[in-house]
Amino acid sequence: MHELVNRRFHIESYGCTYNHADAQKLIAIATSQGCVQVPAEEAEVVIINSCTVVAATERAMLRRLKAFQAKEVIITGCMPVVQKERILEEFPRARILLPDEVYRAHPWTGVMIAPAVGVMQVGPGCMGACTYCITRFARGRMQSLPVSSIVHEIEELGRAGAAEVQLTGQDLSAYGMDCGTDLAVLLQAIDRSTADVRVRVGMMNPATVLPILDRLVDAFQSEKIFGFAHLPVQAGSDKVLKDMNRGYTGAEYCRVVEAFRREIPDIRISTDFIVGFPTETDADFEETLSLLRKTSPTKVNITRFSVRDGTPAAAYRDIPDRVKKDRSRALTAAAGTISDRHNEGLLGEEFEVIVTEQKRGGSVVARSPGYENIVIREELPLGSRCRVRITGHQRHYLIGSRSDRG
């Protein structure tokens, strides 16, 4: 880390919550060594905390590197782990900083990313072998931190002002598979802790949810856990799921969703889809649409398949972009209808919410127990709690007004 001593630096971070937490660690390391964070035009050194999950993101990273090639540049994150040669071929002056170097210099795993929001990393890596995924090569196998360490740091984040803590990893439900514990045990320990926070559980692979499903659903009923389950399904066709090596069927995914909803009727389900996987036919895509409508997730992330060199799926023949675009539009429209219907049904409802951020003057953003974004058009302290009545909505957020004014 000798490049980050008494320097003016600028940092840009891309990708997942885990990556953004790493960026906060880099900022802490640099400032502890006498560095000052400044705008890009004033920086002596620029840090790019990279993501390379899909081809479009990779291209964006290369454009950012090109934009700063006249400066001293450090690139970290996933890209230099799996694409070091390409980076150095195009930008031979770039300094490679691997994530493990960051972790050795900054041993703490809980960081604040906003005045009222903390992030707690449960450990890098996953236990999956999805045929399309390049990130698993960058992050490796699951390396779970001890339950006691995670709980302690969540308590510390609460004392530092966090009202919301985002629990993050490449696959949260794989937590503990490498050391004889599991996510349900961790959530139960958080429930017993002294932390006065509410925890958002990050992405969980249905394949690693299934073995702990009943205990996990029980753990989610804690008041300290947001009623929000991010369960990426990726496809509705069993054939495509097998080609992706996801480790479950469409019926098993539906069983997971049904188990959560049976015990927590108001839980909000989020999911991800990859459209245009090379073996996906029109009939397969219709199965994806059918599963979307059956499970009715209220938050949906849609990605068009892109070839990642070195992955097993790269051996397949890709399908035309126009087919991917058509399927993406159809899935987006169907997901939008579900989201609109859900939001419309919340009009007039009241929630106890946590104020977590302020994006512009005169309003704040709060989180409902189901982790909905609620815009409140007044100034409120970050981290405060209040009761809100839903008065309106847009597709991706609700609008509310305080109902507890005395």
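Under a Cβ-Cβ cut-off of 11 Å, what is the net charge of the residues other than residue 86 that fall near it, where Lys and Arg count +1 and Asp and Glu count -1? Write out the running numbers ahead of the final one.
Details: positive: 84; negative: 58, 85, 89, 90, 309.
Cβ neighbours under 11 Å give a net charge of -4.
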TODO: Specify whether the C-alpha gyration tensor of region 1-138 places it in the rounded, prolate or oblate class, a ≥ b ≥ c being the square roots of the eigenvalues: rounded for a/c under 1.5, otherwise prolate if a/b is larger than b/c and oblate if not.
DONE: oblate
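Relative contact order of the chain, please, whole-number percent, based on alpha carbon pairs below 8 angstrom and at least 6 residues apart. Provide the component values of the computation, followed by the final result.
On the way: 815 pairs, mean separation 43.5, N = 406.
With pairs under 8 Å counted, the relative contact order is 11 percent.
What ranking, highest mean first, results for peptides 171-181, 149-159 when packing means the other Cβ atoms within 10 Å averaged over each residue?
Working: 171-181: 20.3, 149-159: 18.6.
Per-residue Cβ counts within 10 Å, averaged per peptide and sorted highest first, yield 171-181, 149-159.
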Open item on the list: I'd like the isolated cysteines in the chain, meaning no second cysteine's beta-carbon lies under 4.7 angstrom from theirs.
Closed with: 16, 35, 51, 78, 126, 179, 254, 386
Task: Debye intensity ratio in log₁₀ form over the Cα atoms of the chain, taken at each q of 0.06, 0.09 Å⁻¹ - done: -0.25, -0.58
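Where does the charge balance sit around residue 53 when Lys and Arg score +1, Asp and Glu -1, over other residues with C-beta under 13 Å from its C-beta?
Values: positive: 59, 136, 139, 304, 308; negative: 58, 272.
With Lys, Arg at +1 and Asp, Glu at -1, the neighbours total +3.
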Task: Kirkwood-based shape ratio for region 110-344, expressed as Rg/Rh from alpha carbons - done: 0.98
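Which value, in Å³ per residue, describes the convex hull spanned by the Cα atoms of region 293-369?
On the way: hull volume 15.1 nm³, N = 77.
Once divided by residue count, the hull of region 293-369 is 196 Å³.
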- [ ] Largest first and to the nearest Å, give the Cα extent of region 350-402 along each principal axis.
- [x] 22, 19, 16
Task: Taking region 2-103 and dividing mean pair separation by its residue count, relative contact order in percent (alpha carbons under 8 Å, at least six apart) - done: 26
TODO: Show which lysines lie in cross-link reach of residue 242 when reach means a straight Cα distance below 25 angstrom and same-chain residues fewer than eight apart are skipped.
DONE: 294, 299, 324, 325
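Every number here is computed from the coordinates shown, using simple stated rules; none is lab data. Everything quoted here is computed from the prediction, not taken from an experiment. Glycine gets a Cβ as well: all are built from the backbone with ideal geometry, and neighbour counts include every protein chain shown.
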